[in-house]
Amino acid sequence: MGRLFGTDGVRGIYEKELTLELAYGLGQAGASVLGRNAHRPKIVIGMDTRESGAQLEQALANGILSVGGEVLLVGVLPTPAIAVITRELQADAGVVISASHNPYEFNGIKFFNNQGFKLPDAVENEIEKIILESQPVPLKDGGSIRHLEQPESFYLNHIKKAVQGDFTGLKVVMDCAHGASYAIAPAFFRSLGAEVVVIGDNPDGKNINAGCGSTHLQPLQRRVVTEKADIGIAFDGDADRCLAVDCAGNIIDGDKIMNLIGSRMKACNTLKKNTVVVTVMSNIGLDIALKEAGCQTIKTDVGDRYVLEAMIAGDYNLGGEQSGHLILLDHNTTGDGMLTALMLLELLKLDGRDSKSLGDLMTVYPQILVNARVENGRKQDYLKDDQIQKKIQEVEAHFQGQGRVLIRPSGTEPLVRVMIEGKDQNELTNMAKELALFIEDRLGSSGPSVGQVVMV
């Protein structure tokens, strides 16, 4: 068996990779490690709407009970809500049963520490080692399970503090992805004065993320135009992401949302160090738009955990990904779709311009991807090949700050991915092909020359 924990907890197909036995072990080991300083570890468990959630919840809870833990069940709630509740109740840990944007066949288990942060690698490794090596843990009697009454109030009262006014006069179409936000998001935004039209709010255990939510925006785009709404909001299955659709049906992705929120925070003097933390996959249009607003970006590897690590290390308070996973550290410790939507709607209400005008403040530059076929053992060699590095520098110098080159070896295939951004799509295509061919020539091709050109 390989590593259990990926970049976002333990995830897999229910009853294949993610079994009830594994869930029991994760509950037992997790409570032992995260609650080792407590007489009785207090663990909060929440989940999304997948049909496998209840069984996994019971197995997790039984594992926690076996080491004398106190289990607080909060039912179906967004992932960021579990982070808030864990802090508010001074629990030793929080656990979310969710596979985020994946289809219903998948499920996952991810932990938060007592401060609501995802676990560092060292702690995950400790939990994993107990399970994989069947290490004994001290068993105790006296554990308990109880359902927390109105758990959503902790979360909603907390994120409500992020905005000052209400949303009276705004018409919003909201897609809850048949997921964790379906029961609380529409009523919450209505309570703040918005007129809310809802789709994706009838979960049946199998329809989470199915043709809806932040990974399938077409239904929302059509409905926003039909309803003549001011904006559309889409969450993913566990509501830690938010994407938007403008009044004309155009997508406002995570980069555009970060530009809007970051620029507003800069104007309000609340953006720490005038810096936004983004990943290497964010569009260069975001860098250019934020620079015009007096901000800068810092780039990390792909993955919200790397964004969060950089934010904490550098004391920044805004970061995120193109996928709509935004972290607003002044208000929560993890990506938070409903919080992001709150900030976006407040901005729309106060600005005076419509959502299309706001979305258009950032120009999305074309991104062209070409795969260079290189043997697996040589995929990293581009880093130490002086001629390749010189060629990359020449291409970037050509753009004079209005384009960039990103080289990323594939994690699963004998490929080196060459991605180039800039204004002219034809020019980008030619330059990406030329650079990919050059890499193949220098490192040796592993097959048919230069792969398919892809618009990212």
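Taken together, the values in this text are just the output of simple stated rules run on the coordinates, not laboratory data. Everything numeric here is computed off the predicted structure, so don't read it as measured data. Cβ sites come from the backbone with ideal geometry, for glycine too, and all protein chains shown count toward neighbours.
A few comments on the model shown:
- Across region 233-241, computed HN-Hα scalar couplings (Karplus, 6.51 cos²θ - 1.76 cosθ + 1.60, θ = phi - 60°) run 10, 10, 9, 9, x, 10, 6, 9, 10 Hz from first to last residue, x flagging Gly and Pro.
- Think of region 1-109 as having a plus end and a minus end, set by charges on the Cβ of Lys, Arg, Asp and Glu; of His39, Leu20, Thr86, His39 sits farthest toward the positive end of this dipole.
- Extension gain, Asp166 to Glu413, is 83.9 nm, computed as 0.36 nm per intervening residue step minus the present C-alpha separation.
- In terms of the mean number of neighbouring beta-carbon atoms within 10 Å, the peptides 294-307, 395-408, 29-42, 325-338 order highest first as 325-338, 29-42, 294-307, 395-408.
- The Cα center of region 71-85 and the Cα center of region 279-352 differ in position by 23 Å.
- Sites Asn37 and Gln135 - FRET efficiency at Förster radius 30 Å, r taken between beta-carbons, to 0.05: 0.95
- Antiparallel %, DSSP beta bridges [both residues in region 277-421], to 5: 75
- Selected from Gln402, Gln367, Asn430, residue furthest toward positive end of dipole (region 364-432; charges at beta carbon): Gln367
- Using the Cβ-Cβ distance between Leu383 and Ala248 with R0 set to 51 Å, the FRET efficiency works out to roughly 0.75.
- Among beta bridges from DSSP that stay inside region 96-205, the antiparallel ones total about 40%.
- Largest-first ellipsoid semi-axes for region 116-275, taking √(5λ) over the Cα gyration tensor eigenvalues, angstrom: 35, 22, 18
- Cβ crowding within 10 Å averaged over residues, with 148-161, 57-70, 131-144, 268-281 ranked highest first: 57-70, 268-281, 148-161, 131-144
- Protection proxy ranking for 415-425, 348-358, 169-179, using the average of other Cβ atoms within 10 Å per residue and placing the highest first: 169-179, 415-425, 348-358.
- Beta bridges per DSSP, both residues in the chain: antiparallel share near 50 percent.
- Farthest toward the positive end of the dipole of region 126-193, out of Pro136, Ala185, His147, is the Cα of Ala185, where the dipole comes from beta carbon charges about the Cα centre.
- Charge dipole (debye, nearest 20) of the chain; +1 at Cβ of Lys and Arg, -1 at Cβ of Asp and Glu: 480
- The fraction of Cα-Cα pairs per 5 angstrom bin, counted from 0 for region 12-146, comes to 2, 12, 23, 25, 23, 12, 3, 0 percent, rounded to whole percents.
- Ellipticity at 222 nm from helices only: DSSP H runs of n ≥ 4 in the chain, each -39500 (n - 2.57), divided by the residue count, give -11000 deg cm²/dmol.
- Remark: region 145-186 is approximated by an ellipsoid whose semi-axes, taken from the C-alpha gyration tensor as √(5λ), come to 23, 17, 7 Å, largest first.
- For region 24-30, 3J(HN,Hα) per residue [Karplus equation, 6.51 cos²θ - 1.76 cosθ + 1.60, θ = phi - 60°, Hz, x = Gly/Pro]: 4, x, 5, x, 5, 5, x
- For the chain, the calculated P(r) over all alpha carbon pairs, in 10 Å bins from 0 to the bin holding the longest distance, is 4, 20, 27, 25, 17, 6, 1 percent.
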